[in-house]
1. Does A:GLU250 count as open to solvent by 10 Å² or more (accessible area, probe 1.4 Å) and assigned by TED's automatic domain parsing to the domain that holds A:PRO65?
2. Of the numbered conditions (1) assigned to a strand (DSSP E or B); (2) modelled with pLDDT of 95 or more; (3) farther than 20 Å from A:VAL264 by Cβ, A:ARG360 fails exactly one; give the number of that condition.
3. Kindly indicate whether any position in segment A:224-232 is more than 17 Å from A:VAL195 (Cβ to Cβ) and in the same structural domain as A:GLU283 (by TED's automatic domain parsing).
4. Taking the options A:SER343, A:SER403, A:SER357, A:SER347, name whichever one is within 30 Å of B:ASP54 (Cα to Cα) and not β-branched (Val, Ile, Thr).
5. Residues that are modelled with pLDDT under 95, within 16 Å of ligand 2 (Cβ to nearest atom) and crowded, with 17+ Cβ neighbours inside 10 Å: does segment B:72-88 have at least one?
6. Can you tell me how many residues within segment B:206-227 are over 25 Å from B:ALA11 (Cα atoms), more than 16 Å from ligand 2 (Cβ to nearest atom) and of a type outside the set (D, E, K, R)?
7. How many residues are closer than 17 Å to B:GLY148 by Cβ and surrounded by fewer than 21 Cβ atoms within 10 Å (Cβ to Cβ) if we restrict to segment B:188-209?
8. Exactly one condition in (1) open to solvent by 20 Å² or more (accessible area, probe 1.4 Å); (2) in contact with an Asp or Glu (Cβ under 6 Å, 6 or more places away or on another chain); (3) of a type in the set (Val, Ile, Thr) is not met by A:ILE306; state its number.
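The values are calculated or read from the model by the stated rules, or taken from the named source; none is laboratory data. Bear in mind that the values here come from a model prediction, so they are computed numbers and not experimental data. Every residue, glycine as well, gets a Cβ built from its backbone with ideal geometry; the counts of neighbours run over all protein chains shown. Accessible surface is based on the protein model in full, side chains and every heavy atom, while ligands, DNA and RNA are left aside. Shrake-Rupley method; radii C 1.70, N 1.55, O 1.52, S 1.80 Å.
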Amino acid sequence: MISPSQLDVDRDKGDFHYDTDYSFDAGIGLSEDVVRYISEVKKEEPWMLDFRLKALSTFEKKPMPTHWATDDLKNINFDVIRYYLAKGQQPSRTWDEVPDDIKNTFERLGIPEQERKFLAGVEAQFDSEAAYSNMKEDLAKEGVIFVGSTEGLKEHPEIFRKWFGKVIPTSDNKFSALNSAVFSGGSFIYIPPGVKLAQPLQAYFRINAENFGQFERTLIIADEGSEVMYMEGCTAPKFETSTLHSAVVELVALKGAKIQYVTVQNWSNNVFNLVTKRAIAEEEAEVRWIDCNIGSRLTMKYPGVILKGRKARGEVVSIALANDGQHQDTGAKMVHAADETTSNVVSKSISIGDGRSSYRGLVQMPGHLKGCKNNTECDALLINNKSQTDTYPAITVQGDANSVQHEASVSKVSAEQIFYMKQRGLSEAEAMSLCVNGFVNDLIREFPMEYSVELKRLIDLEMEGSVG
Amino acid sequence: MNSLKIDNLQASIGDKSILRGLSLEIPKGEVHAIMGPNGSGKSTLAKVLSGHPDYEVSGGTATLDDDSLLGLEPDEISRLGLFLAFQYPMEVPGVSIANFIRAALNARLKEGEKIKAVEYYKDLYAHMDDLGMDRKFTSRSLNDGFSGGEKKRCEILQMSMLSPKYAILDETDSGLDIDALRVVSDGVNRMRNPERGILVITHYQRLLDYIVPDYVHVMSEGKIVRTGGKELALELEDRGYDWIKQEAVAS
Ligand SMILES: Nc1ncnc2c1ncn2[C@@H]1O[C@H](COP(=O)(O)OP(=O)(O)O)[C@@H](O)[C@H]1O
Ligand SMILES: [Mg+2]
């Protein structure tokens, strides 16, 4: 199976950037011209330009969701963001062809080594576009497609167009509309019927430029009876000004297919991370979102599964860590739309200092369905009394042929507990790391081995940072 | 020098003064006992020496061998070699005893050194056997849901694994039945040696039948008001604390 390695999304290690000459630059601010520019450099067909322009107008019409979400959203200044920056339009297929500055970035982050070690394929996105994309040859022979969204659209329009925007409509929320207008990069993956990938595919998202918005768009289609694990890691350097990451990720698991989508993000503290992720699971299909949110200024992310076919299963396993000055607003959406569908949500959040974690969960089970089950468990750990946590579970269950279980807990690591542990010789950071690792240990086991090693290391680093 | 030395120590919490010029010296190789009524400041002394952040030290000195303890972080003090067995050990959910003790031992190693798992567990099991602790305890969360007696055994286990230069045991006897008291006392007695100084804080002389001290000090209102041999404990048992207090006021 998969051999241990590291993903390396250490924020300090990622805190560097190279001056890069971009050949493609849509300038500063958002307008119809920007959208046209992006579509043009990508040589898109008219339907796509049309799609983008409609999305732009939807974005402009939609208010910020501050009636339920944090007011901090108002601090995003869409006029100063750069929406498209790319060095080239074609990702390199061999590492040697990657431009030096970009290559240096990913080498510092350890990307090529990991590919050699345990991955079936890698895509490395630098600002707006994939700079490198490669997949093992035998998989290509089996018909597996793993390319950037631009290439996916160009080379495989029949599959792409069939599913694009179908799981998450443009108008789902203000940020899905924004993404739909200006998206670039992200992965397009198709797994043919019955093909089971033994090794994961990985994407690495890297923001390099200041005042930049990264709007990748990922679409994964697992055809009947196929299996795939996709992993993504994200970093950005620390800039003075804020940066926006607003992705849309759509997954389609056809009959009996299995998709696992693993995210370890470790954004620097100036990133607004506003991501829409949703899956459709057909009959007996299984989708698992395994999500770890570390860093960022504000993360809003509620991965969802629409359980569309009988006996479909959906799961969200998430860890969120909100340190000083950070707000992790995360959760899950489970929409039961067929009989005997089951969903499971396990969420653990850690709030440190004045960090804040919110959990928002939505479970829908209409009354005409039978034999559906949801289990939701959300636990919060507060380290020192300034931190906050809140949960907003929304559960709509009609009818009594279904079952829903919801458990929530809040625990605290007090100053006295820390003192006790320090009395045994542990530094404050070590004491906090032990508590946090103990708290999330059972979830960390859900991550692939190479990610769990990385996660533990990230948590240690985060604790060291938090005690200064 | 080779002692835990406290001189004219004054400490307060908020505007409440608790330690009022306390002096005491515990040389290596000796066991001292502090007795005193509730509220006289015994636990405060233990916590101040351990660097608890809530207390403010307004005067005096405290040194471990030749290192001053005042102003150091609790973990630095611990690594210098002072262990405190707490009167009320904290529960730490999610952190197993085995991981915790291992982390504490690791914290004492030099950069690049590592504890070998096999040897560590062998050592841990041997100490647990001595204390009559079931091996299942290694994977249990630290003190989480433990009975009073289990918590105290767990303190002694940590102490014996960390092998400190000086140990303060704060009311380790409270809440123990006679069998547990014997096990815990045996654990402490095994640690008596010429290289270690031990301070036993207790409210009752009973413990001192098991851990026989070289000296007994009586504390009242933040000071040591009397020092004697083991027989002083028996005298206190007979006459209560009031006469000491009165004597202290009179002098
Ligand atoms: N955290 C605290 N806040 C306020 N008063 C305290 C605190 N800790 C101890 N005290 C007070 O200090 C005095 C000494 O307490 P303590 O050291 O626990 O005594 P002992 O251990 O001898 O019973 C008591 O009057 C107690 O109420
Ligand atoms: Mg006490």
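1. no
2. Failed condition: (2).
3. There is at least one residue in segment A:224-232 that is more than 17 Å from A:VAL195 (Cβ to Cβ) and in the same structural domain as A:GLU283 (by TED's automatic domain parsing).
4. When all the criteria are applied, what remains is A:SER357.
5. Yes: segment B:72-88 contains one or more residues that are modelled with pLDDT under 95, within 16 Å of ligand 2 (Cβ to nearest atom) and crowded, with 17+ Cβ neighbours inside 10 Å.
6. Here the count works out to 5.
7. Going through segment B:188-209 one residue at a time, the tally reaches 3.
8. (2)
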